[in-house]
Structure formats: structure tokens, C-alpha cells
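Notes to accompany the following structure.
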Amino acid sequence: MPDTPGTLNFPTSLDTAVSLFEVLNRAYTTMTGSIGTGDLSIGVANGSLLPSTGAVTLLDSLSAPTKVEHVIYTVNSSNTLTVPAGGRGFGGSTAQTWSGTVYVRARALAQHHSVLRGGIIALETKLGI
């Protein structure tokens, strides 16, 4: 089974860049169409600006957002982000309907820290002192 961004594999198997989150600095673009709450494909203007897998935040405004949704995606191909079941409304947010100008930003979420922390603790537990 392929890795899921933000899902710790260790100690069952080794983690990868995908499971521990791929990140890029200044990773942002906009959506190219509308999506409903159940849609698992998100069209983006320039997918090359985003990691090949990871998490993004959808925002209706960069300066004063009134709508925010965190999304996990497992594929970034041909300017389309593919979202696994359960990947919409991630991290305590809610899946929403989006249209108009929607900003797509890949930025560090609490889950980034949590998965790295979990990996370090699992590794230290296995190794001991």
C-alpha cells in the first residue's frame, strides 16, 4: 500500500519522504475550478509549485480568510491534486464547497510536527538509552 502523507510507518516499516511529509518553501498556487465537499480531485493553476504529495490549505483570502480547509493529497499530476478518502477537512478543518478565487498553500501544519515527533519517539524507544 502506498504511503499516506502524515501517517507514521515506523516501527512496522520504514518511513519515507511521503509519510513524513514532502515540503517546499513558498509552495502556493490557486485552484482552477470549483469543488464540492465530496470531491477528491482539485485542479490547480501550477502544480509544479507544490510537492508531489503532502498537505495544502485552501483559503478564500490571503490576508483575512473566512474559509479555511486543510487537505491531504497523495498525487500531484498534470495540475491535479488527488485526495484520498478522508483527506478533505483534515486536521480539524471541515470539507467545504469552493468556487471563485481559491488560494492553495502548502505550509506546515500541526500534523507535520506530530508525525516527526512520533517518529523520533518511536525510534528512541526502539534504540533505548
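Points to keep in mind about this one:
- Modelled spin-label separation between VAL68 and ALA85, with each label point placed 7 Å from Cα along the Cα-to-Cβ direction: 2.9 nm.
- Prolate/oblate/rounded label for the stretch 1-55 (Cα gyration tensor, a/c 1.5): oblate
- HN-Hα J in Hz across the stretch 3-11 - Karplus 6.51, -1.76, 1.60, θ = phi - 60°, x for Gly and Pro: 5, 10, x, x, 10, 5, 8, 5, x
- Per-selection Kirkwood Rh - the chain (Cα, Å, 1 d.p.): 15.1
- In a fully extended conformation the segment linking ILE121 and ALA27 would gain 31.0 nm over its present Cα-Cα distance, using 0.36 nm per residue.
- Each residue of the stretch 58-71 was assigned a 3J(HN,Hα) from its phi angle through the Karplus curve 6.51 cos²θ - 1.76 cosθ + 1.60 (θ = phi - 60°); the sequence is 9, 9, 8, 7, 7, 8, 8, x, 10, 10, 9, 9, 9, 9 Hz, with glycine and proline shown as x.
- Cα lying deepest toward the dipole's positive end in the chain, options THR37, PRO11, VAL102, charges on Cβ: VAL102
- The mean sequence distance of close C-alpha pairs (under 8 Å, at least 6 residues apart), as a share of the length of the chain, puts its relative contact order at 29 percent.
- Structure-based [θ]222 nm, the chain - -39500 (n - 2.57) summed over DSSP H runs of at least 4, per residue, nearest 500: -4500 deg cm²/dmol
- Percent accessible area from carbon and sulfur atoms, the stretch 26-129, protein chains only, probe 1.4 Å: 55
- Net charge contributed by nearby residues that have their C-beta within less than 12 Å of TRP98 (K/R +1, D/E -1): -1
- Between SER48 and THR16, the contour length at 0.36 nm per residue exceeds the Cα-Cα span by 9.5 nm.
- Under 5 Å from the amide H of ASN79 lie the amide H atoms of GLY47, each residue being 5 or more positions distant or on a separate chain, with H modelled from the backbone and absent for Pro and chain starts.
- Linear extension gain, THR7 paired with THR94, 0.36 nm per residue minus alpha-carbon span: 29.4 nm
The values are calculated or read from the model by the stated rules, or taken from the named source; none is laboratory data. As the structure is a computational prediction, the values presented were derived from the model and not from experiment. Counting neighbours? That spans all protein chains shown, and the Cβs are built from the backbone with ideal geometry, glycine included. The accessibility values were calculated without ligands, DNA or RNA, using every heavy atom of the protein model including side chains. Shrake-Rupley method; radii C 1.70, N 1.55, O 1.52, S 1.80 Å.
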